[in-house]
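> The following block contains the structure, expressed as structure tokens.
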Amino acid sequence: MQKKSMTITGCIFDLDGVIVDTAGYHYQSWKKLANGLGFDFAEEENEAMKGISRMDSLDVVLSIGGIEKTQEEKLELAKQKNDLYLSQLSDLSSDHLLPGVKDFLDLLRSKGMSIALGSASKNARFVIDKLGIKSYFDAMVDGNDVSRSKPDPEVFLTAAELIHRKPAELVVFEDSQKGLIASNEGGFISCGVGDPEVLTNALFVLESFEGLTLEGLSQHILQSRSHHSSIS
Ligand code: B16
Ligand code: MG
């Protein structure tokens with residue numbers, strides 16, 4: 001029997017919720033802002049906020065509260081949220097990297113894989129600096145570089161272009177449904193990081209990067225593809 005093979009030339013990492021657990025800090029900041037405006041923002045409602053831009057997130061929060069604001073007021077509220085968010089990052093360090101991330105980055109480097117960042121966050125470069133992992137990245141694309149928010153694939157396609165790799169050869173790691181839709185739309189190999197019950201747009205889902213090898217990654221991809229083709 002012919003052995004199935006595949007080529008992976010690199011990986012694109014989302015930031016919040018994949019490399020570092022800042023998703024909770026984003027949520028706490030939006031909750032505080034909502035509370036200040038007189039309503040609550042429940043954790044279940046936060047899932048839809050993952051991966052989308054600050055201004056789009058603000059629109060979601062305001063619609064939950066049934067509140068309308070002018071563009072100028074919105075800019076001020078977005079600034080307040082960002083100040084709340086940044087105030088929680090003062091002691092961020094490599095200790096906050098999610099389990100297995102550092103080892104997996106080392107592995108990718110040692111195998112000559114390209115590594116890029118594809119994050120919606122305008123704070124991404126600041127966070128990457130604080131985590132001490134800047135030197136791993138061949139390219140970084142964040143919320144300052146794109147005009148369309150996930151689920152648009154712009155952020156990942158721009159990253160692929162910068163590292164001169166084809167989407168079909170790149171694995172995108174994402175913790176949000178919107179990011180996974182963006183990855184699928186761009187023709188990337190979509191790996192969810194988190195809960196498989198939630199991340200239904202992923203080709204396959206990893207709980208974490210702990211113990212992940214390139215062989216293991218290839219196996220996940222091949223198995224998921226053959227499973228998907230057998231049920232479609
Ligand atoms: P900022 P990711 C996203 O980052 C977050 O998931 C999302 O919750 C946040 O609203 C967005 O960044 C914008 O972040 O306010 O820092 O610009 O997951 O795409 O790395
Ligand atoms: Mg994320």
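The values are calculated or read from the model by the stated rules, or taken from the named source; none is laboratory data. Keep in mind the model is a prediction, meaning the values are calculated, not measured. Note: ideal-geometry Cβ built from the backbone for every residue, glycine included; neighbour counts use all protein chains shown. Accessible surface is based on the protein model in full, side chains and every heavy atom, while ligands, DNA and RNA are left aside. Shrake-Rupley method; radii C 1.70, N 1.55, O 1.52, S 1.80 Å.
> Along the positive direction of the dipole of the chain (beta-carbon charges: Lys, Arg +1; Asp, Glu -1; about the Cα centre), which of Asn201, Leu105, Pro151 reaches farthest?
Leu105
> Accessible surface of Thr200 in the full protein assembly, 1.4 angstrom probe, to the nearest 10 Å²?
Looks like 100 Å² after rounding.
> Could I ask something else about it? Rounded to the nearest 10 Å², what accessible area does Glu210 show when all protein chains are kept and the probe is 1.4 Å?
130
> Right, something else. Using alpha-carbon positions, what is the distance between the centroids of the stretch 164-232 and the stretch 75-115, in Å?
Between the Cα centre of the stretch 164-232 and that of the stretch 75-115, the gap is 21 Å.
> Sorted from largest down, give the three principal axis spans of the alpha carbons of the stretch 39-130, whole angstrom values.
Largest to smallest, the principal-axis extents are 51, 24, 22 Å.
> Same structure, new question: So, for the stretch 23-87, what is the accessible surface per residue at a probe of 1.4 Å, expressed in square angstrom?
Per residue, the stretch 23-87 has 53 Å² of solvent-accessible surface.
> Using the Karplus curve 6.51 cos²θ - 1.76 cosθ + 1.60 with θ = phi - 60°, work out ³J(HN,Hα) for each residue of the stretch 38-50 in order, rounded to whole Hz, and write x for Gly and Pro.
x, 9, 9, 10, 7, 4, 4, 6, 6, 4, 5, 8, 5
> Which trypsin sites (Lys or Arg not before Pro) does the stretch 90-188 hold that lie in a coil by DSSP with at most 12 other beta carbons within 10 Å?
Listed in order of number, the matching sites are Lys111, Arg148.
> Comparing Ala116, Ala202, Ala78, which has the greatest mean-square fluctuation in the GNM of the chain with Cα pairs linked when under 10 Å apart?
Ala78
> Separate question: Run lengths n ≥ 4 of DSSP H only: what is the helix-derived mean residue ellipticity at 222 nm for the chain, with -39500 (n - 2.57) per run over all residues, to the nearest 500?
About -13500 deg cm²/dmol.
> So what J values fall out for the stretch 121-137 if you push phi through Karplus, 6.51 cos²θ - 1.76 cosθ + 1.60 with θ = phi - 60°, rounded to Hz, Gly and Pro as x?
My calculation for the stretch 121-137 gives 7, 7, 9, 4, 5, 4, 5, 4, 4, 5, 7, x, 10, 4, 5, 6, 8 Hz in order.
> Using a 1.4 Å probe, how large is the accessible area of Phe209, given in Å² and rounded to the nearest 10?
Rounded to the nearest 10, the figure is 10 Å².
> Still on this model: Please give the net charge around Ala42, taking every other residue with its beta carbon less than 14 angstrom from that of Ala42, where Lys and Arg add +1 and Asp and Glu add -1.
Here the charged neighbours net out to -3.
> Please list the non-local residues whose amide H lies under 5 Å from the amide H of Gly10, H modeled 1.01 Å from N, same-chain partners needing a gap of 5 or more.
Counting only residues 5 or more places away or on other chains, the set is Ser114, Val171.
> Still on this structure: Carbon and sulfur together cover what percent of the accessible area of the chain at a 1.4 Å probe radius?
With neighbouring chains kept in place, the figure for the chain is 48 percent.
> Name the long-range amide H neighbours of Phe204: under 5 Å, sequence gap of 5 or more, or other chain; modelled H, no Pro or chain starts.
Counting only residues 5 or more places away or on other chains, the set is Gly192.
> Now, a different point. Past the 28 Å Cα-Cα mark, which pairs from Lys102/Lys178; Lys111/Lys134; Lys50/Lys111; Lys74/Lys178; Lys31/Lys102?
Exceeds cut-off: Lys50/Lys111; Lys31/Lys102.
> On to the next question. Using the Karplus curve 6.51 cos²θ - 1.76 cosθ + 1.60 with θ = phi - 60°, work out ³J(HN,Hα) for each residue of the stretch 192-208 in order, rounded to whole Hz, and write x for Gly and Pro.
x, 10, x, 9, x, 5, 8, 8, 6, 8, 7, 5, 7, 10, 9, 6, 7
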